[in-house]
Amino acid sequence: MYSTILLIHSWLRWLALAGGAGTTVTRSERWALPTMILLDVQMLLGLLMYLVLSPNIAEIRAHFGEAMKSDQLRFWAVEHITAMFIAVIVAHIGNVLARKAKTPESKRTRLMVCFGVATLLMLAGTPWPGLPYGRPLFRGL
């Protein structure tokens, strides 16, 4: 089950990044809702792995103090989940702020800023190949 969830989580990241970038560039509510759904699904799958399924994270949690001394383990234990969690929160805040905007320009600006920040956080929290904690761009291929 872990391998399947990991594969889905890995592939959905591309849709989430595309949605975040699309919402930022187009500043359109049409992109915002599907992006929010993708981010929420990504977060749920990530939390499922983090809290229940991942044997790696279970080992990290069992030796948390030691894990904090390793860049690679610290990334998975703290940095990845924190960046992604904040990205989801910022996107949700941007969606709410956009809905409450009084002018169309204000709505577009709020979408652009919040989804832009969320997308940057997603990019920063992604385990890109070549980094000590890097993973393949397309898992399963």
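The values are calculated or read from the model by the stated rules, or taken from the named source; none is laboratory data. Because the structure is predicted, anything quoted here is derived from the model rather than measured. Virtual Cβ from ideal backbone geometry, glycine too; neighbours counted across all protein chains shown.
Here is a list: ALA58, ALA87, ALA83, ALA21. Which entry is over 14 Å from the mean Cα position of the chain (by Cα), in a helix (DSSP H, G or I) and not β-branched (Val, Ile, Thr)? I'd like the intermediate steps shown before the answer.
Values: ALA87 fails: over 14 Å from the mean Cα position of the chain (by Cα); ALA83 fails: over 14 Å from the mean Cα position of the chain (by Cα); ALA21 fails: over 14 Å from the mean Cα position of the chain (by Cα).
Checking each option against the conditions leaves just ALA58.
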Could you identify the single residue in ARG139, ARG110 that is part of a helix (DSSP H, G or I), charged (D, E, K, R) and in contact with a helix residue (DSSP H, G or I) (Cβ under 7 Å, 6 or more places away or on another chain)? ARG110
Count of the range 32-80 residues which are under 22 Å from ALA18 (Cβ atoms), free of Cβ contacts under 8 Å to residues at least 24 places away in the same chain and either buried (at least 16 other Cβ atoms within 10 Å of the Cβ) or aromatic (Phe, Trp, Tyr) (or both): 0
Of the residues GLU29, GLU105, which is over 22 Å from SER10 (Cβ atoms), among the acidic types (Asp, Glu) and loosely packed, with under 14 Cβ neighbours inside 10 Å? GLU105
If I go through the range 100-119 residue by residue, how many of them are over 17 Å from VAL88 (Cα atoms) and either at pLDDT below 95 or not aliphatic (A, V, I, L, M) (or both)? 9
Tell me, please, whether a residue that is among the hydrophobic types (A, V, I, L, M, F, W, C), within 26 Å of ALA21 (Cβ to Cβ) and touching a Lys or Arg at 6+ places or on another chain (Cβ under 9 Å) can be found in the range 116-133. yes
Residues satisfying the stated conditions in the range 10-26, i.e. surrounded by 15 or more Cβ atoms within 10 Å (Cβ to Cβ) and β-branched (Val, Ile, Thr): THR23, THR24, THR26
Suppose we filter the range 33-45 for residues that are within 14 Å of VAL117 (Cβ to Cβ) and of a type in the set (A, V, I, L, M, F, W, C); how many remain? 1
